[in-house]
Amino acid sequence: MSTLPSKLEAVVSDIEQQFLITDDFIIKATDYFVESMEKGLSSPKQTREHMPMIPTFVTSIPNGKEKGLFLAADLGGTNFRVCSIDLKGDHTFELKQSKYKIPNDIMKAQEAEELFSYLAKKVKAFLDEHHQDSSSHENPLKLGFTFSFPVDQTALNRGTLIRWTKGFSIDDAVGKDVVELLQANLVILGVNVDVVALANDTVGTLLSRAYANNPDETNANTIIGCIFGTGTNGTYYEALDNIPKLDKDQVPKGVKGMVINTEWGSFDNTLKVLPNTKYDEIVDKQTANPGYHLFEKRISGMFIGEILRVALYDLFEQGFIFQDLYKQRGGSLPHRITEPWLLDAEILSYIEIDDSTDLKMLGLVLQNNLRLPTTSQERHVIQRLTRAISRRAAYLSAIPLAAITKKVKDQYKDDDKDFEIGCDGSVVEFYPNFQETILQAIAAIDPLKGTNKKIHLKIAKDGSGVGAALCASTV
Ligand code: BGC
């Protein structure tokens with residue numbers, strides 16, 4: 001490890017301290033998370049102060065025996081995916097898919113129609129390519145629409161957009177029913193498809209992992225579906241009696257529980273417990289939804305790169321790093337350091353693991369991807385900050401997982417199986433040591449104290465597509 005000049009060492013250590021999360025903190029924050037869930041489950045109004053805790057109208061968890069051909073359309077981030085899924089009824093499936101990048105101007109369009117007619121055209125293009133015979137089917141194909149933004153859902157196939165996240169901003173769509181918008185545009189194009197279910201991507205992750213899981217083999221029940229990717233969120237099955245805000249007349253008789261979409265990205269929007277550095281504040285101000293989704297803004301892929309960029313820029317402005325480079329370039333820095341949102345979380349994952357002499361590998365990554373030549377000293381600073389930011393993200397990620405486990409453990413008290421958590425998203429799947437650090441933090445919280453059960457993280461591949469198909473299969 002290189003030694004830094006004492007002043008710089010003091011500044012870097014101070015930032016590391018600000019990002020440090022203690023076991024004591026996560027234990028307390030877990031209890032506060034449970035409290036916030038309960039408030040959200042009883043408060044019918046959506047306010048900034050409450051976690052949304054949205055009833056999804058999905059009332060059972062798959063057992064792997066579901067069958068049939070379904071379509072799924074998945075809008076979650078910068079890509080739109082259309083898939084057809086053939087559920088085989090034996091925990092397996094066959095999937096065909098196409099992926100389309102959403103153009104930037106459509107993510108920020110004036111009219112909701114611009115986005116939804118684009119989506120409908122892509123569904124048509126997919127059918128034309130993979131299922132030419134679908135237009136002649138007597139019964140339209142059923143489509144599950146994975147829409148991964150906060151939605152106020154009032155039925156399995158009805159839900160109005162509460163707000164955009166992850167860089168989308170089309171004001172005209174807020175308050176509108178997103179199923180109606182998609183269906184209307186499919187009708188205009190004469191596409192023979194019925195949008196029968198609306199699901200968040202985390203609902204899809206829960207259902208698809210539950211479908212793939214064979215408890216006789218894994219000895220585990222799937223209890224949570226979650227995403228740690230561009231954004232973050234999670235879903236679990238809650239007993240009906242614990243959802244006071246739900247109008248029970250809307251639920252068929254005999255139903256005992258419902259999947260709840262927590263929208264945990266909005267945990268602690270009032271910052272009662274969450275750490276708040278000056279870098280978090282700067283990042284929040286740059287977003288399209290300042291003051292909202294503050295938990296997500298400390299954790300997910302869209303934000304951790306930006307937190308690092310802002311911190312590095314601050315050290316540059318304080319005169320600690322990139323000084324010679326700035327002079328050599330005649331008074332400028334590479335645009336990926338000066339412009340918001342251009343430092344991708346993927347780059348952080350390379351920075352995180354480099355252990356080459358003098359961090360030369362990391363130097364190459366920065367040079368190739370950011371056009372940023374660095375000194376050895378600068379590379380050590382960058383790696384220390386990256387590790388501080390990512391460790392905080394993983395530690396915070398353990399809080400909702402432990403809290404939900406604590407809240408539901410009584411539902412499973414007569415069953416000796418372990419708990420498994422279905423996860424999807426680039427950060428949890430690919431960021432080095434992210435899963436291990438989450439598990440370490442969960443162990444410190446120990447939400448299953450007093451039982452012999454364990455918690456396992458399982459990557460749920462194609463969660464949002466297969467999950468939407470499973471939702472559609474219930475109709
Ligand atoms: C959205 C959620 C979504 C999550 C993961 C968040 O920004 O609000 O609805 O599940 O990202 O994609």
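A few remarks follow.
- The Cα trace of the stretch 94-217 gives Rg and Dmax of 15.5, 51 Å, the first to one decimal, the second as a whole number.
- Label sites at ASP358 and VAL11, each approximated as a point 7 angstrom past Cα along Cα to Cβ, lie 2.4 nm apart.
- Protection proxy ranking, peptides 420-428, 207-215, average beta carbon neighbours within 10 Å, highest first: 420-428, 207-215
- For THR338, net neighbour charge (Lys/Arg +1, Asp/Glu -1) across residues whose Cβ lies under 13 Å away: 0
- Think of it as helices only: each DSSP H run of n ≥ 4 in the chain is worth -39500 (n - 2.57), and spread over all residues that comes to -13000 deg cm²/dmol at 222 nm.
- Probing with 1.4 Å while keeping every protein chain in the model, the per residue accessible area of the chain equals 42 Å².
- For the stretch 118-255, the fraction of 1.4 Å probe accessible surface lying on carbon and sulfur atoms is 45 percent.
- The simple spin-label model puts a point 7 Å past each Cα toward its Cβ; for ASP415 and VAL255 those points are separated by 1.9 nm.
- Estimated FRET transfer efficiency when R0 is 35 angstrom, pair GLN440-ASN79 (beta carbons, to 0.05): 0.65
- Inter-label distance, nm, simple model (7 Å from Cα along the C-beta direction), GLN286/THR218: 3.7 nm
- With Cα atoms defining each centre, the stretch 414-463 and the stretch 314-357 are spaced 34 Å apart in the structure.
- Both radii were evaluated on the Cα set of the stretch 255-367; the Rg over Rh quotient, with Rh as the Kirkwood radius, amounts to 1.09.
- For HIS456 and ALA239, the FRET efficiency from 1/(1 + (r/R0)^6), where r spans their Cβ atoms and R0 equals 22 Å, is about 0.45.
The values are calculated or read from the model by the stated rules, or taken from the named source; none is laboratory data. Since the structure is predicted, the reported quantities are computational estimates derived from the model, not experimental observations. Don't worry about glycine lacking a Cβ; one is built from the backbone with ideal geometry, like all the others, and counts go over all protein chains shown. The accessibility values were calculated without ligands, DNA or RNA, using every heavy atom of the protein model including side chains. Shrake-Rupley method; radii C 1.70, N 1.55, O 1.52, S 1.80 Å.
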